[in-house]
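In what follows, a single structure is set out as structure tokens and then discussed.
The values are calculated or read from the model by the stated rules, or taken from the named source; none is laboratory data. Treat the numbers as computed from the prediction; the structure is a model and nothing was measured. Note: ideal-geometry Cβ built from the backbone for every residue, glycine included; neighbour counts use all protein chains shown. The accessibility values were calculated without ligands, DNA or RNA, using every heavy atom of the protein model including side chains. Shrake-Rupley method; radii C 1.70, N 1.55, O 1.52, S 1.80 Å.
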Amino acid sequence: MTGFGSASLVEAHHSYRIEVRSINSKSSDFSFRIPRTILDKELEIKTHTQKILDRGKVSLVIENQNQENAVKPKLKINKAMLEAYCKDIAEATAQTGLQTDILKFALGLPEVMQSEVS
């Protein structure tokens, strides 16, 4: 079975448009596209979606629609997580001899950058 659904959420400081598409399949194939402002919630969204949907090819798109008076989230670095990643990457770099820009790479890893609304 093929399915499609969309919804909008409008609050005082946020406005989101959510779209879900699915195609019948014997296996599970989930793809997600979400805005950076809620990137720290990606794992939670994926886990929740996969609990509800057993199988099929599913595409979930969440778009942040800018509001004129929207409060911009501040990005905060999870320093403990960043330090742990950097240490592991530095050790791997030393062992393999491969070069990498550790900080740039580590900042893109899960849970290092977190958003908070002021």
| message | Between a residue in segment 45-64 that is over 13 Å from Ile34 (Cβ atoms) and any residue that is open to solvent by less than 20 Å² (accessible area, probe 1.4 Å) and at pLDDT 85 or above, which pairs come within a Cβ distance under 9 Å, given they are 6 or more apart or on different chains? | response | Gln50/Val58
| Counted residues, segment 1-44 - those being farther than 12 Å from Asn64 by Cβ, in a helix (DSSP H, G or I) and open to solvent by less than 70 Å² (accessible area, probe 1.4 Å) | 2
| said: Looking only at segment 45-68, filter to residues that are within 28 Å of Asn78 (Cα to Cα) and not in a helix (DSSP H, G or I); which one of those is modelled with the lowest pLDDT? | reply: Gln67
| remark: Filter segment 83-115 for residues that are among the aliphatic types (A, V, I, L, M) and at pLDDT 85 or above; the one that is farthest from Ile34 (Cα to Cα) is Ala94
| note | Of the residues in segment 1-31, those that are modelled with pLDDT of 85 or more and within 19 Å of Ser115 (Cβ to Cβ) number 2
